[in-house]
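Heads up: the structure comes next, in structure tokens.
None of the figures in this text is laboratory data; all of them are computed from the coordinates on show. Note that this is a predicted model, so its numbers are computed, not measured. When we count neighbours, we look across all protein chains shown, and the Cβ atoms used for this are built from the backbone with ideal geometry, even at glycine.
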Amino acid sequence: MRNQYYQRIYGVGIAGLEYLLASQQGCCAICPTHWKECAAPKASRYETVFVQHLYVDHDHETGKVRGLLCK
Ligand SMILES: [Zn+2]
């Protein structure tokens, strides 16, 4: 369910986003803020925990995810 949501919106599944987060050492792509330090907005039941804290930056033309950013 969630995985299909991510696949549809971002073109990658949860595993892909987790891989990306791991490659960013759990932090924002452009600053050293760890996702746990980012304020969580209103939770969406479709989003896994770390995605609630981060903004998924993706290219609307290619649909490719560029990185996970703090909000
Ligand atoms: Zn940041």
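Using mean Cβ contacts within 10 Å as the protection proxy, how do 63-70, 4-11 order, highest first? Before the final figure, lay out the partial values.
Numbers: 63-70: 16.4, 4-11: 14.4.
Per-residue Cβ counts within 10 Å, averaged per peptide and sorted highest first, yield 63-70, 4-11.
Consider all pairwise Cα distances in the chain and report the whole-number % of them above 18 Å. Please list the in-between numbers first.
Values: 804 of 2485 pairs.
Considering the chain, 32 percent of its Cα-Cα pairs are separated by more than 18 Å.
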